[in-house]
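Working notes, structure below.
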Amino acid sequence: MTLGKSLMAASVSIAAMITMAPAVFAQEATLVFASNEVGQPTYNPVKATSLNVASSLIFDRLVAQDANRVYHPHLAKSWEEAEDGMSWIFHLKQGVTFHNGAAFNAQTVADWIPMFDGTDNAYLVAAVEAVEVVDEHTVKFVMKHPDPNLLYNLASAFMGVPEPKSFAEMGDNFGVTDAIGTGPYKMQSFAIGEQTVLVRNEDYTWGSPLAENTGPAKFEYLTFREIAEESTAFLELKTGGVDMLLSVPADFVPEVEKESDLKLVSVPGRELVYMVLNVVKEPFTDIKVRKAAALAINQREILDNIYSGIGQVADTFLISALPEANVADEYRIAYNPDKANALLDEAGWEMGADGVRMKDGKPLEVSLWTQSDSVFRRLTEVVQAQLKAVGINGQIATFDSAMIRDQYKSGDQQVAVRSYIWDNADIVDWFFGADRLGYPNISMFDDPKAEDLRAAAMTGSKSSAERIANFTVYHEYVLSQFPVAPIYQPVISVGYNTSRITLPDTFNAPAVSATVLMDMAPVE
Amino acid sequence: MLGYLIRRVLLLIPVFLAVSVVIFSIIHMIPGDPIDNLLKIGAGPDQREIITARYGLDKPLVVQYWIWLSGVMQGDLGTAIVARRPVADLIAQALPHSLTLGLCALAFSSFFGIVLGTIAALNRDRWIDQIIMTVVLMGSTIPGFWLGLLLILVFSVWLGMFPVSGARDLSSLVLPVLTVGLGGTALVARVTRVAMIEAGQRDFLMLLHAKGMRPLRIQLRHVLRHALIPVVTILSLRIGWILGGAVTVEVVFARPGLGTLLIKSLNQHDYPVVQACLLILAMAVMLGTLAGDIIQAAMDPRVRAAL
């Protein structure tokens, strides 16, 4: 072949590739993880201590939760709980296979639960005594003690079901070089801190009915990139370098709204922003002062001015989707400046000429701790102004997010503005249990009555309904003592490029997960 | 030359030990520990003790240091606590990206620095010299983090010429190399200019002029050669600086590499990874200095005699 001919052949094939390119590219989408999901070291659900959203595409779970935290069947098509809470029977879906062709059946579940022994995630199944195979597609969990939280654990990312045989064979490489589950995508490549490439599982027909699409996914390839710097991630979306940000930082929401080909969809969040009051530090040893500070916070004003009205105000310590957040109205903490002022007067703090209250010659001055991130700083400045309005003078101190936990352990904090991400009522135990004073119990709350209620909620419940009732009472009691003032419930804003991707306007999921991404389709 | 080399390498051992002590103690003195990152909400309070003991973090610091150092001496950098992989694997994945960026940036700043410095020296005190030196001074004062974002804004967002981030192909290397390289270019240009002006005042040049050699040939063949000795020193010192200086640039451009790994591990207090990253950066500075000294000694016999 002469040089001229080779050149012509080459240019023809390049031209063909260019004309074919849109069709090929349409089957791919590039997504960016939320910045707090960057750096996940493994996709091994049993051993991992953190997991990102891609793991929900590789591994399916037995049960799924909808936006209202109600449990729905997924790999388990139905279940029954014994009245005394001492056993559970799960009926499994038939015809489900793993990425390597192995069948998913009762034996899979029996092999899987013991894998948790000795891992940091062992507590998820600590209440399970044994797993018995009833028949090919029925399995029975025999319990050591009732665990009404079992369904919550089964729905968590850490209980995605891995293929037991390859799990045993691959050892520590499972989840790193390959990860075999029953999910709608298979792992093609994974470079820690860089990107994960997934390829569609063509045989997939058992998607959760919470998504419209229960068959194979619409995109053939998904690339999840890890970008720690939020402004870089936003610029990638803006310039078309990526198609979707799984969590658009609050600062960039207005910027995304400005772009004509970008769109935002909100998913209910699992985050709650709140103010903590240290109950063993003056002046907050006085419950009247604590209550006054809590009632001085104008949640609506914060929602409208700092978060542009996106999200919800918070008036309990739990996200409102949880049933345990449904406390009696008298326990809800809402803005009431008149009451706040009256309480401070009652406590003996008299308004001074400079707008700061005084008692025994001392001004009402408190330290106000927060993280150095820009959103937290701005929020804390507003909290400072709102406290000032009732005569409490707050001095803001900011700490690096990696360092602030250690500062809390010192117990020197008076007021702190912070947030948590969790969607189970046991967060009340985590932050107000007397065995975790300093950190995570920043408020240093140590109350005998609360401890009794907490024990009942954590270990004394036999059924889900009983657990909800116990936790509601515990939650109400904690709220009545004002170690905390709830502020705001953010939503997760998913930003995507409308010229590349279509998405439904609402999602029936508690967070961005497989249920959300299964309904994502390429623009034709 | 061999004796010089051996003496110079032996000198690295005490420096290495001192650096390792400093790195270890600083990391462990920073408030916070990796356990908080491993404890999930819902885990029992006793889980903390179990995890602390598992990673030997309950042992006295001196014992922990000895375990780490003896591992490092045998080529074992340990296992990451939060990332749960051999640290060597994490480094092996990150280092090639950092080296590519560092070497390209070094080549960029050497080439443009020497060229600009030479042009400035040849046109000493004329307008062209003043323009080059002003631009170069500005270039050396801009922080890499800010310059990176500026370049992204201009070349990626407005002009759409290069990708915003990542490390997929060569085009994604251009802006990071520019960001890291521009500061170095300024430094090299300034040193080249001063060194050429100094070398230009040597006596032997008079002889060359008297012999009738063309001035440009004198400048490029004789003056530049003498001037390059301090430039080489500066460049070798830059090797360590470039790897270290690329830390923030890697984060801005979401490029994998030592910097990204270091920042992530610092936030998680993943001690073994942070220690290994800092040790490698320190080694890069040490080896860069060593390389500079050796090259200098090879170029100039007086340096060999001095040690």
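Of the set (1) open to solvent by less than 40 Å² (accessible area, probe 1.4 Å); (2) over 24 Å from A:Ala340 (Cα atoms), all apply to A:Phe482 but (2). Filtering segment A:237-251 for residues that are within 14 Å of chain B (Cβ to nearest Cβ) and surrounded by fewer than 18 Cβ atoms within 10 Å (Cβ to Cβ) leaves a non-empty set. Against the test of being within 13 Å of chain B (Cβ to nearest Cβ), open to solvent by 10 Å² or more (accessible area, probe 1.4 Å) and more than 28 Å from A:Ile421 (Cβ to Cβ), the options A:Gly193, A:Gly95, A:Gly171, A:Gly118 yield a single qualifying residue, A:Gly171. Taking segment A:212-236 as the range and being assigned to a loop (DSSP other than H, G, I, E, B), touching a helix residue (DSSP H, G or I) at 6+ places or on another chain (Cβ under 7 Å) and open to solvent by 10 Å² or more (accessible area, probe 1.4 Å) as the test, the residues that pass are A:Ala228, A:Glu229. Here segment A:317-349 is the region considered, the condition is being part of a loop (DSSP other than H, G, I, E, B) and polar (S, T, N, Q), and the residue that is most open to solvent (accessible area, probe 1.4 Å) is A:Asn326. Take the conditions (1) more than 14 Å from chain A (Cβ to nearest Cβ); (2) open to solvent by 10 Å² or more (accessible area, probe 1.4 Å); (3) under 22 Å from the mean Cα position of the chain (by Cα); (4) over 20 Å from B:Gly166 (Cβ atoms); B:Leu99 misses just one of them, which is (4). Residues in segment B:193-208 that are under 24 Å from B:Phe111 (Cα atoms), among the charged types (D, E, K, R) and open to solvent by 70 Å² or more (accessible area, probe 1.4 Å): B:Glu198 only. Scanning segment B:46-80 for residues that are within 16 Å of B:Pro34 (Cβ to Cβ), open to solvent by 30 Å² or more (accessible area, probe 1.4 Å) and of a type in the set (Phe, Trp, Tyr) yields a single hit, B:Tyr55. Taking residues in segment A:411-436 that are within 10 Å of another protein chain (Cβ to nearest Cβ) and surrounded by fewer than 18 Cβ atoms within 10 Å (Cβ to Cβ), and partners anywhere that are in a loop (DSSP other than H, G, I, E, B) and of a type in the set (Gly, Ala, Ser), the pairs with Cβ atoms closer than 8 Å and at least 6 places apart or on different chains are A:Ile421/A:Gly269. So is B:Ala246 of a type in the set (A, V, I, L, M, F, W, C), within 28 Å of B:Val15 (Cβ to Cβ) and modelled with pLDDT under 80 or not? For B:Ala246, the condition - of a type in the set (A, V, I, L, M, F, W, C), within 28 Å of B:Val15 (Cβ to Cβ) and modelled with pLDDT under 80 - is met. Which of the residues belonging to segment B:162-179 are farther than 28 Å from A:Ser189 by Cα and not β-branched (Val, Ile, Thr)? Scanning segment B:162-179 gives a single hit, B:Leu178.
Of the residues making up segment A:487-506, those that are over 14 Å from A:Val256 (Cβ atoms) and buried (at least 21 other Cβ atoms within 10 Å of the Cβ) are A:Ile487, A:Tyr488, A:Gln489, A:Pro490. Of the residues B:Ile35, B:Ile6, the single one that is surrounded by fewer than 15 Cβ atoms within 10 Å (Cβ to Cβ) and among the hydrophobic types (A, V, I, L, M, F, W, C) is B:Ile6. Being open to solvent by 20 Å² or more (accessible area, probe 1.4 Å), in a helix (DSSP H, G or I) and among the small types (Gly, Ala, Ser) is a condition met by at least one residue of segment B:170-180.
Criterion first (in contact with a Gly (Cβ under 7 Å, 6 or more places away or on another chain) and of a type outside the set (A, V, I, L, M, F, W, C)) does B:Gly56 satisfy it? Judged against the criteria, B:Gly56 is not a match. Counted as qualifying within segment A:87-183 are the strands (runs of 3 or more DSSP E) with 1 or more residues that are aromatic (Phe, Trp, Tyr), namely A:87-92, A:138-143. Of all residues in segment A:80-93, which are in contact with a His (Cβ under 9 Å, 6 or more places away or on another chain) and modelled with pLDDT under 95? Within segment A:80-93, A:Glu80, A:Gly85, A:Met86 qualify.
Of the residues making up segment B:30-46, those that are part of a helix (DSSP H, G or I) and more than 7 Å from chain A (Cβ to nearest Cβ) number 2.
Checked against (1) under 30 Å from A:Val366 (Cα atoms); (2) in contact (Cβ under 8 Å) with a residue 60 or more places away in the chain; (3) open to solvent by 40 Å² or more (accessible area, probe 1.4 Å), A:Lys449 passes all but a single condition, namely (2).
Quick check on segment B:8-27: of everything there that is in contact (Cβ under 8 Å) with a residue 24 or more places away in the chain and small (Gly, Ala, Ser), which residue is farthest from B:Thr289 (Cα to Cα)? Here the answer is B:Ser25. The residue list A:Asn36, A:Asn52 contains one member that is modelled with pLDDT of 85 or more and either closer than 28 Å to A:Ala521 by Cα or within 14 Å of chain B (Cβ to nearest Cβ) (or both), which is A:Asn52.
Need a quick list: helices (runs of 4 or more DSSP H) entirely within segment A:386-501 having at least 2 residues that are over 20 Å from the mean Cα position of the chain (by Cα). Ranges flagged: A:401-409, A:448-459, A:464-480.
Residue-wise test of (1) touching a Leu at 6+ places or on another chain (Cβ under 7 Å); (2) surrounded by fewer than 21 Cβ atoms within 10 Å (Cβ to Cβ).
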site: B:Leu216; (1), (2): no, yes
site: B:Leu220; (1), (2): no, yes
site: B:Leu237; (1), (2): no, yes
site: B:Ala246; (1), (2): yes, no
site: B:Val252; (1), (2): yes, no
site: B:Val273; (1), (2): yes, no
site: B:Ala276; (1), (2): yes, no
site: B:Thr289; (1), (2): yes, yes
site: B:Ile295; (1), (2): no, yes
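Annotation: A:Lys77 fulfils all but one of (1) touching a residue at least 60 places away in the same chain (Cβ under 8 Å); (2) under 26 Å from the mean Cα position of the chain (by Cα); (3) closer than 24 Å to A:Asn201 by Cα; (4) open to solvent by 10 Å² or more (accessible area, probe 1.4 Å); the unmet one is (1).
The values are calculated or read from the model by the stated rules, or taken from the named source; none is laboratory data. All figures in this text were calculated on a predicted structure; none of them were measured in a lab. Cβ sites come from the backbone with ideal geometry, for glycine too, and all protein chains shown count toward neighbours. These accessible areas exclude ligands, DNA and RNA; they are computed on the full protein's heavy atoms, side chains included. Shrake-Rupley method; radii C 1.70, N 1.55, O 1.52, S 1.80 Å.
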